[in-house]
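**Q** Attaching a single structure in structure tokens format; questions to follow.
What follows draws every value from the coordinates through simple rules; no lab data is involved. As the structure is a computational prediction, the values presented were derived from the model and not from experiment. Cβ coordinates were reconstructed from backbone atoms using ideal geometry, including for glycine residues, and neighbour counts include every protein chain displayed.
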Amino acid sequence: MFRKILVANRGEIALRIIYACKELGIKTVAVFSEADRHALHVRFADEAICIGPSKSSDSYLNIPNIISTAELSNVDAIHPGYGFLSESAYFAEVCEASRIKFIGPSSEAIRLMGDKARARSEMNRIGLPVLPGSADSIHTDKEAIATAEAIGYPVIIKAVAGGGGRGMRVAHSRNELLSSLKTAQAEAASAFGAPQCYIEKFIERARHIEIQVMADEHGNAIHLGERECSIQRRHQKLIEEAPSVIMTPELRAEVGCRVVQAIKKTGYTNVGTLEFLVDEKRQFYFMEMNTRIQVEHPVTELVTGIDLIRDQILIAAGDRLPHRQEDIQFRGHALECRINAEDPVTHRPSPGKITSWYSPGGPGVRVDTAAHAEYVVPPHYDSLIAKLIVHGSTRDEAIRRMDRALEMFVLEGVKCTIPLHRQILHNPAFRKGNIYTKFLEHLQEPRVRAVEMA
Amino acid sequence: MNLKELKEIIDIVTSNESIEELEIEKSGVRLRIRRSSNHVGSVSTASVASIAASPTITSAPAPSKVLAETEELFYIKSPIVGTFYTAPNPDSEPFVSVGDMVEKGSVLCIIEAMKLMNEIESEVAGEIVSVLVENGQPVEYGERLFAIRPR
């Protein structure tokens, strides 16, 4: 078992990892940028080392300083959290070479899944259905037109190295295709340093459903059911829930079984999430795999009663899976709302000082956050300031619980997404579970569309 | 005094460049706002009770003297995380000692990070006033290593 872990992250996830370590009796080392000197992860870790200036490229992404800290503080392992270095194959490789356990899959697995086009063809080869599209990146206009017309419009153009919604464009016609391809390539080049894009079939009313998996280093793997994350803005998730309204125990067992077989074949270890697009006929199409713990992991924790971060650490330490598939039970319904420091209408970030703060409690309510009254939301990092997660015996109960928790959440000084969450929760289509990835885009369009949807 | 009043007072000070310092005492609360070099007002409040317990705080000359002294010194800060060494190897003399005069670009110490020895050079010419870290100690990013009185 590990004695000491370095937490290579900040904010709520750094705290979440510290909670798990404290409960396991493992010492923690926090790293922080100059902007985070007074942050809670620094305060609650056993040790803390400043690793650079505010800019994340010089601090939370500074591999030499993080590895030096790990060596100086003599840790056994590094937990990367999500974002930052969590999906850097190079960082995982440096950890492996420095004999520090990277709490996640192998650098090889990260590299495979990081190349979205390669991941898709590999997972398709071992039995997961994918959307029809170009197997590889598109180089010429001619190739683009041939591919798009073979699979039929609308199509979506995506960056090979993509993520977070950047470098994605939908095209409904040949004209749109060529201009969108150029924009997507330019966006991909500036955001990821690689302009390569691929094309696939676009589903108009698709749901985003993902399957949580967990695998040990002894060849055992299980799934922990699904999370539905169809409420997104610009491909960034805003509300997540489990179970999905379209899921039945039979369908879950069928999809889960195929996913577990696929990850066993790849030799994947630690936790991971396979994201699928699901059409109106409940067909699952594999999109990508995230090789890290996810922001929305508490939703799965509330319906299964399993501590994912704890298990992640145990697996990395070489333990066998603590659960068998037949022991996994799904109880009730969980919802998560991401409270971001941003304008609820324009989605522009709103950093600044939180002047007044009260986070709600009561039955079935969990708040994962590193914010508090007088906390200054720095402008250098992502805008997530709290995750409000609720559990209820039914979806309806969970929605009512979430609504009252949002109502009682006091957060002043910065603009945040609470009003938007309440608007979504009160929408009749959302209440019926009639959701899809473009739901929010349509909700925020002129009223005509909103009425039509309801 | 509530938060809104406090904000208004700070706004007045920050928007009016002719005000260097402002001190207010009102119903048991004492507020002092002073313009700092990077133009955001630095704020310090203290209850009257704690001021009464240490009356010297209010005497102006002492703090300004401290300020004058710190302004003279230049601090060399660690650009990386690593282990601090005063000498190139355990048997050698330290690169510099207190009282030495150094030039801009003189090597002051070594910081070992990931098995690499990084020589840290002085950014100013002047006299070493103090060595702030002990040989062999770990240092973090931005940690003060040397105080130098610039020439």
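**Q** From other protein chains only, count the Cβ atoms within 10 Å of every residue's Cβ in B:78-88, then give the mean.
**A** Numbers: counts 1, 2, 6, 16, 6, 3, 0, 0, 0, 0, 0.
Per-residue shielding by partner chains comes out at 3.
**Q** Same structure again: Using only helices, what value at 222 nm comes out for the protein assembly as shown when you add -39,500 (n - 2.57) per DSSP H run of length 4 or more and divide by the total residues, to the nearest 500 deg cm²/dmol? Don't skip to the end; give the middle numbers.
**A** On the way: 19 runs with 190 residues, N = 605.
Counting only the DSSP helices, I get -9000 deg cm²/dmol.
**Q** Okay, moving on. If you average 1/r over all unlike Cα pairs in the protein assembly as shown and invert the result, what Kirkwood radius do you get in angstrom?
**A** Numbers: mean 1/r = 0.0367 Å⁻¹.
After inverting the pairwise mean of 1/r, the radius is 27.3 Å.
**Q** Which of A:N124, B:I110, A:L15 sits farthest toward the positive end of the charge dipole of the protein assembly as shown, with +1 on the Cβ of Lys and Arg and -1 on the Cβ of Asp and Glu?
**A** A:N124
**Q** Subtract the Cα-Cα distance of A:K182 and A:E441 from 0.36 nm times their separation in residues, and report this length gain in nm to one decimal.
**A** Details: separation 259, 0.36 × 259 = 93.24 nm, distance 2.35 nm.
Difference between extended and current length: 90.9 nm.
**Q** In chain A, with Lys and Arg counted as +1 and Asp and Glu as -1 at Cβ, which of these residues, A:M1, A:A405, A:P243, has the Cα nearest the positive end of the dipole, that is, farthest along it?
**A** Selected residue: A:A405.
**Q** Sequence gap at least 6, Cα distance under 8 Å: using those rules, report the relative contact order of region A:270-426 to the nearest whole percent. Don't jump to the answer; show the numbers that get you there.
**A** Working: 268 pairs, mean separation 36.6, N = 157.
So the answer I get is 23 percent.
**Q** With +1 assigned to the C-beta of every Lys and Arg and -1 to the C-beta of every Asp and Glu, and no other charges, what is the dipole magnitude of the protein assembly as shown about the Cα centre in debye, to the nearest 20?
**A** Details: 70 positive and 80 negative charges, 383 e Å.
Computed about the Cα centre, the dipole is about 1840 debye.
**Q** Just name one of B:A125, B:F74, B:F84: the one whose Cα is farthest towards the positive end of the charge dipole of region B:74-150 (beta-carbon charges, Lys/Arg +1, Asp/Glu -1).
**A** It is B:F74.
**Q** Could you tell me, in Å, what Rg and Dmax come out for the Cα atoms of region B:74-150?
**A** 11.3, 32
**Q** For region A:238-243, what does the Karplus curve 6.51 cos²θ - 1.76 cosθ + 1.60, with θ = phi - 60°, yield as ³J(HN,Hα) per residue in whole Hz, taken in order and with x for Gly and Pro?
**A** Each residue's phi maps through the Karplus curve to give 10, 10, 10, 8, 8, x Hz.
**Q** Ok, one more. Apply 1/(1 + (r/R0)^6) to the Cβ-Cβ distance of A:Q329 and A:E23, taking R0 = 22 Å, and write down the FRET efficiency to the nearest 0.05. Don't skip to the answer; put the middle values down first.
**A** Values: r = 22 Å, r/R0 = 0.99.
After rounding, the FRET efficiency stands at 0.50.
**Q** I would also like to ask the following. Within 10 Å of each residue's Cβ, count the other Cβ atoms and sort A:R207, A:R43, A:R395 from fewest upward. Don't skip to the end; give the middle numbers.
**A** Numbers: A:R207 23, A:R43 12, A:R395 19.
By the 10 Å Cβ count, ascending: A:R43, A:R395, A:R207.
**Q** Please give the average number of partner chain Cβ atoms lying within 10 Å of the Cβ of each residue in A:55-66, rounded to a whole number.
**A** Mean partner shielding for this stretch: 2.
**Q** Here's something else I'd like to know. So, R0 is 30 Å and r is the distance between the beta-carbons of A:E204 and A:E407; what FRET efficiency does that work out to, to 0.05? Mind showing how you got there, number by number?
**A** Working: r = 34 Å, r/R0 = 1.13.
With R0 = 30 Å, the Cβ-Cβ based efficiency is 0.30.
**Q** Now a separate question. With N residues in region A:4-103, what two-decimal value do you get for its Cα radius of gyration over 2.2 N^0.38 Å? Could you put the intermediate results ahead of the total?
**A** Details: Rg = 11.9 Å, N = 100, 2.2 N^0.38 = 12.7 Å.
That works out to 0.94 for region A:4-103.
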